[in-house]
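Peer 1: The structure under discussion is supplied below as structure tokens; questions concerning it will follow.
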Amino acid sequence: MVPLLYGPSVESEDGLAILQSYWDQMQDQVTSLQSALGGLNHIYHESLTLGGDEGLKQLEVRDQRSHGFVATKCGDGAMLQATESAELLAESLDLQRCLMMPLASEKVALQLQQWFTSSNRERYEHISRQIDETLRPSQVGLLLMSERHQVQFPEDIEVFYIAPPALDEFRRWLQNWIAEQQSAAIHTDDSDLETEDSGSQETQESSS
């Protein structure tokens, strides 16, 4: 199980360097574990609705960093499996976009959230079934998923969680970056409010 990390779309040298360190360390750990377990048979990657060569083409469009890593493993003999249901993935993404919009109705927001939760549950259940149906006894699989996934693995599968040192380092960097953005936003709001108050006061004095 490899956590997929997605940083904000910003030109941060520190963030990019930490993200690259994570990928380098992660690949080293996967290779070491792969050797210890006797190989790698199947690869599963979130957002992929196709397997094999078509799945690689799909991944090349969606995630260049993952594509290079997965393509190398497939070249060594691993099989890329279709992981997602196209219908369930599209439904979850559409609902997520809807929930990001400001909504006037609390009832609509609640119903959308419930629908999103239900859709996500079905999505992760599908991924679990895909793994269970394709990963045979004594075989080794590699799953690349976002950290907040809710995939429940079958009881007869032993899961090794890949967590190199750079994983925590990236989490700390991301938390700091978010805090800085929030602080900057608050400062901007305060400045705008002071400007409005000053303009209002000048208008009142002029009227007097």
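The values are calculated or read from the model by the stated rules, or taken from the named source; none is laboratory data. What you see is a predicted model, and the numbers here were worked out from it, not measured in a lab. Every residue, glycine as well, gets a Cβ built from its backbone with ideal geometry; the counts of neighbours run over all protein chains shown. To get the accessible areas, we keep the full protein, side chains included, count just its heavy atoms, and leave off ligands, DNA and RNA. Shrake-Rupley method; radii C 1.70, N 1.55, O 1.52, S 1.80 Å.
Peer 1: Let me know the longest stretch in the chain that avoids all chymotrypsin sites (Phe, Trp or Tyr not before Pro) found in a DSSP loop with at most 14 other C-beta atoms within 10 Å.
Peer 2: 7-159
Peer 1: When the Karplus curve 6.51 cos²θ - 1.76 cosθ + 1.60 is applied with θ = phi - 60°, which whole-Hz ³J(HN,Hα) does each residue of segment 130-136 get, with x for Gly and Pro?
Peer 2: Ordered by residue, 3J(HN,Hα) equals 4, 5, 5, 7, 10, 8, 7 Hz.
Peer 1: Whose amide H sits under 5 Å from the amide H of L4, counting only residues 5 or more places off or on another chain, with H placed in the peptide plane?
Peer 2: M145, S146, E147
Peer 1: Got a number for carbon plus sulfur as a percent of the chain's accessible area, 1.4 Å probe?
Peer 2: Reported share for carbon and sulfur atoms: 49 percent.
Peer 1: Picking from P3, L135, W173, whose Cα lies most toward the positive end of the charge dipole for the chain (charges on Cβ: Lys, Arg +1; Asp, Glu -1)?
Peer 2: L135
Peer 1: Only helical DSSP H runs with n ≥ 4 go in: add -39500 (n - 2.57) per run for the chain, normalise by residue count and round the 222 nm mean residue ellipticity to 500 deg cm²/dmol. Each step should come with its number before you reach the end.
Peer 2: Details: 6 runs with 134 residues, N = 208.
My calculation for the chain gives -22500 deg cm²/dmol from helical runs alone.
Peer 1: With a 10 Å cut-off between alpha carbons and a GNM built on the chain, which of L142, L37, L50 moves the most?
Peer 2: Maximum fluctuation in the GNM of the chain, among the listed residues, is at L37.
Peer 1: Now, a different point. I'd like the GluC sites (Glu not before Pro) in segment 89-151 restricted to DSSP loop residues with at most 13 other Cβ atoms within 10 Å, sorted by number.
Peer 2: Values: sites: E91, E106, E122, E125, E133, E147; in loops: E147.
Loop-located and lightly packed - E147.
Peer 1: Here's a follow-up. Using 0.36 nm per residue of separation minus the Cα-Cα distance, give me the extension gain between R121 and L99 in nm, one decimal. Show your work: numbers first, answer last.
Peer 2: Details: separation 22, 0.36 × 22 = 7.92 nm, distance 1.66 nm.
Result for the pair: 6.3 nm of gain on full extension.
Peer 1: Sticking with this structure for a sec: Probe of 1.4 angstrom, ligands and nucleic acids ignored: what's the accessible area per residue over segment 31-152, in square angstrom?
Peer 2: On a per-residue basis, 58 Å².
Peer 1: Between E106 and E13, how many nm apart are label points set 7 Å from Cα along the C-beta direction?
Peer 2: Result: 5.0 nm between the two label points.
Peer 1: Using unit Cβ charges (K, R positive; D, E negative) and no other charged atoms, how large, in debye to the nearest 20, is the dipole of the chain about its Cα centre?
Peer 2: That gives a dipole near 1080 debye.
Peer 1: Here are several values of mean projected area of the Cα convex hull in nm²: (1) 11.1; (2) 16.1; (3) 12.1. Which one was derived from the coordinates shown?
Peer 2: (2)
Peer 1: Related question: When the Karplus curve 6.51 cos²θ - 1.76 cosθ + 1.60 is applied with θ = phi - 60°, which whole-Hz ³J(HN,Hα) does each residue of segment 75-82 get, with x for Gly and Pro?
Peer 2: Computed from phi, the couplings for segment 75-82 are x, 8, x, 6, 10, 7, 9, 4 Hz.
Peer 1: Which angle between 0 and 90 degrees, to the nearest 10, do you get for helix 86-99 versus the longest principal axis of the chain when only C-alpha atoms count?
Peer 2: Long axis of 86-99 versus the principal axis of the chain: about 20 degrees.
Peer 1: Restricting attention to segment 1-51, which GluC sites (Glu not before Pro) occupy a DSSP loop and are surrounded by at most 11 other Cβ atoms within 10 Å?
Peer 2: Listed in order of number, the matching sites are E11.
Peer 1: Collect residues whose amide H, placed 1.01 Å from N in the peptide plane, falls under 5 Å from the amide H of M79; neighbours closer than 5 in sequence don't count.
Peer 2: Amide H neighbours of M79, under 5 Å, 5+ apart: H42, I43.
Peer 1: If you place +1 on the Cβ of every Lys and Arg, -1 on the Cβ of every Asp and Glu, and leave all else neutral, what size is the dipole of segment 41-108 about its Cα centre, to the nearest 20 Debye? It would help to have the intermediate numbers written out before the result.
Peer 2: Working: 6 positive and 11 negative charges, 37 e Å.
My answer is approximately 180 debye.
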